[in-house]
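Comments concern the structure below.
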Amino acid sequence: MKIKDILSNKRFTLSFEVFPPKRDGNLEALFDTISVLIKFKPDFISVTYGAGGSNKDLALEIGSRVKNQLQQEVLAHLTCVGATASDIAEILSAFRKEHIENILALRGDPPAGTEKFKRTEGGFAYASELVAFINSEGSFSIGAAGYPQGHIEAMSLEADIINLKRKVDAGTDFLITQFFFDNDDFYKFLDKTAQAKITIPIIPGIIPILNYKQIKRMAQLNGHELPVRLNKYMESIAEHPAEVEKYGIDYATRQAQELLNYGVRGIHFYCMNRSAPVQQILSNLSLPR
Ligand code: FAD
């Protein structure tokens, strides 16, 4: 089923993001995780895509197993990095063959060792161009990324939202946000996108802090710091991984419950390929389902 149709039929969607294990990684461990996650009846599971398509085959294999063996809807991520339009057409055709109907269209980050994203000759410079291309192929529901604190390369949040509107106008059906730790950033983002006449569903992305140093680094790569109080507390327990994880789960639970009270259209959990933390978070939430 297309996520566009799920969103028009349901007031709230639950979704989980997983990533292909690193080379020689254990696919069965990932499927153990997914088999626990699907007990929560997610509306879809998203599968990330290595920036340069390095894990293209594995991402396709995971997507296909989730869709065809586990009978779960899949949102397959896809980036423009290192790909021509005909490469993208080939990948779309492979997704179509596996009955995958939903694509998260992304530009992707500049490849390691380079500072600026460079369009591949015959490829795409922005996610909006990829969205338009996928749209012209006809058969997919298309999602795209939104940044409540603004994308790192944008001059300002306002400038980023102008570009976001282009991406929406190119045929995006829904947005999933980058993770954030202060819900006010998300509420302000909703106000600003509404002012920009972006009316498609915007699903907040939540990440539990399970490893403080890793999340801090990820936030910095996105050009952001953790909120001061959260950061200060995390610094104080940083040498105690079990405490970090416990507090991270607790924080994500409170954050998600507040978003639910606000009436968000869904929640997308960045699971980090683990089921237990999300299981704990969900067991403490009352989802509107
Ligand atoms: P775009 O929407 O193209 O925006 C990139 C920058 O260009 C922004 O600063 C924007 O303001 C600017 N811009 C856009 N259009 C124009 C224009 N017409 N003129 C001038 N400036 C413009 N990366 C992966 O490699 N694999 C994944 O699986 C993956 N999954 C993700 C999932 C989510 C939910 C999110 C939020 C991010 C994900 N990313 C992933 C990261 C993403 O690829 C990077 O953040 C990347 O730097 C930007 O991608 P984008 O699709 O948002 O780009």
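The values are calculated or read from the model by the stated rules, or taken from the named source; none is laboratory data. All values derive from a computational prediction rather than experimental measurement. Note that each Cβ is placed from the backbone with ideal geometry, even for glycine, and that neighbours are counted across all protein chains shown. The accessibility values were calculated without ligands, DNA or RNA, using every heavy atom of the protein model including side chains. Shrake-Rupley method; radii C 1.70, N 1.55, O 1.52, S 1.80 Å.
In a shell of Cβ-Cβ distance under 14 Å around residue 179, excluding residue 179 itself, what net charge do Lys and Arg (+1) and Asp and Glu (-1) give?
Neighbourhood net charge equals -2.
Of 222, 3, 48, which is farthest towards the positive pole of the chain's charge dipole, taken about the Cα centre with +1 and -1 on the beta-carbons of Lys, Arg and Asp, Glu respectively?
3
If you take the square roots of the eigenvalues of the alpha-carbon gyration tensor of segment 184-289 and sort them as a ≥ b ≥ c, do you get rounded (a/c under 1.5), prolate (a/b over b/c) or oblate?
Oblate shape, in that a/c is at least 1.5 and b/c is the bigger or equal ratio.
Cα-Cα over 19 Å: which of 216/246; 2/97; 22/56; 116/197; 4/188; 4/39?
116/197; 4/188; 4/39
Can you compute the equivalent ellipsoid semi-axes for segment 16-66, i.e. the square root of 5 times each eigenvalue of the Cα gyration tensor, sorted largest first and rounded to whole Å?
Semi-axes (√(5λ), whole Å): 19, 12, 8.
Report the residues of segment 69-93 in range of a label on residue 38: point 7 Å along Cα→C-beta, backbone N strictly under 19 Å from it.
69-77
Averaged per residue, what accessible area in Å² does the chain show with a 1.4 Å probe, protein chains only?
48
Using square roots of five times the C-alpha gyration tensor eigenvalues, list the equivalent-ellipsoid semi-axes of segment 163-242 in whole Å, biggest first.
Whole-Å semi-axes of the equivalent ellipsoid: 31, 12, 10.
If you take the beta carbon distance between residue 10 and residue 136 as r and set R0 to 30 Å, what does 1/(1 + (r/R0)^6) give as a FRET efficiency, to the nearest 0.05?
Calculated value: 0.60.
Using a 1.4 Å probe on the protein heavy atoms, what percent of the accessible area of the chain belongs to carbon and sulfur?
Ligands and nucleic acids excluded, carbon and sulfur give 50 percent.
So what J values fall out for segment 274-288 if you push phi through Karplus, 6.51 cos²θ - 1.76 cosθ + 1.60 with θ = phi - 60°, rounded to Hz, Gly and Pro as x?
So the Karplus estimates, Gly and Pro as x, are 10, 9, 4, x, 5, 4, 5, 4, 5, 5, 9, 10, 10, 7, x Hz.
Say the dipole of segment 206-289 comes from +1 at the beta carbon of Lys and Arg and -1 at that of Asp and Glu; which of 263, 273, 207 then lies farthest toward its positive end?
263
Treating only the Cβ atoms of Lys and Arg (+1) and Asp and Glu (-1) as charged, compute the dipole magnitude of the chain about its Cα centre; round to the nearest 20 debye.
420
I'd like the distance separating the alpha-carbon centroids of segment 9-83 and segment 173-230, in whole Å.
Comparing the Cα centres of segment 9-83 and segment 173-230, I get a distance of 21 Å.
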